[in-house]
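Below is one structure, written out as C-alpha cells, with a few remarks after it.
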Amino acid sequence: MARIFAWTCAALLFAASTGRAAEICEGSQRGAGKVQADQKGDKRPDQASPEHGRKKWWVDSELRAELGITDQQSAGIDLVWKKSLAKRAELGERLEKLNAVLEKMILDAADEASVTAQLDRVEAARSDANKARVLMLYRMNKLLTQEQRAKLDAKVKAMRERDGRRGGPGSR
C-alpha cells in the first residue's frame, strides 16, 4: 500500500505549483473511515490529520497567517477538499482492491495475458485517482492569490529540504 501511494504521489507531483501544494494539503487521501469522521464533524479544524500527522494548511491558524489565507479562502478550500474526499476515498479503495488482485495473480503465477489485463485495470484506477487529486489541488490553488501560491510553494520546498527530499519539478 505504501509503495502504491508513493508511486501515486510521484506520478502526480510533477505538475507545476498545483502539485507542490500536495504535501501540505494532502493530510487525508484514503479510507472511508476518514470520510465518515469528517462528515460527522468528529475532527476539530486545527487537529492534525491522523493519517500523516499534518494539519490542514488552509485551516491551521499559524499557516493561514503565514500564507495570508482569509476566512473566505479557508472556507472555500475546505469545501473543495470535502467535496472531493468521498470520490478520492472511493477511488483509493478501488485502486487498493485491484492492486491486491494483481499481487495475488503475480504470486499465483497467473498467465501473462490475465496479469496484463489486470495491470491495465490497476493503472486505469491509478490514473482516475491521480486525476481526482490533481483537480482538487487545482481547484484549491485557484482560490489563492499568486503571492499566496508562491508562499505555499516556498513552504513546501522548505519542508522537502528539511525532510531530505528533492523538490524540483519532476522529482516529486
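Nothing in this text is a laboratory measurement; each read-out follows from the coordinates by a stated rule. Since we're looking at a predicted model, the values are computed, not measured. Cβ atoms come from the backbone with ideal geometry, glycine included; neighbour counts cover every protein chain shown.
Can you name the residue in segment 68-111 that is of a type in the set (V, I, T) and under 19 Å from the mean Cα position of the chain (by Cα) and is also farthest from L144 (Cα to Cα) among such residues?
V80
Looking at K82, K97, K87, can you tell me which residue is surrounded by fewer than 18 Cβ atoms within 10 Å (Cβ to Cβ), assigned to a helix (DSSP H, G or I) and without any contact (Cβ under 8 Å) to a residue 12 or more places away in the chain?
K97 is the lone residue from the list that is surrounded by fewer than 18 Cβ atoms within 10 Å (Cβ to Cβ), assigned to a helix (DSSP H, G or I) and without any contact (Cβ under 8 Å) to a residue 12 or more places away in the chain.
Residues of segment 111-150 being more than 25 Å from L91 (Cα to Cα) and crowded, with 16+ Cβ neighbours inside 10 Å, which ones?
Result: L144, Q148, R149.
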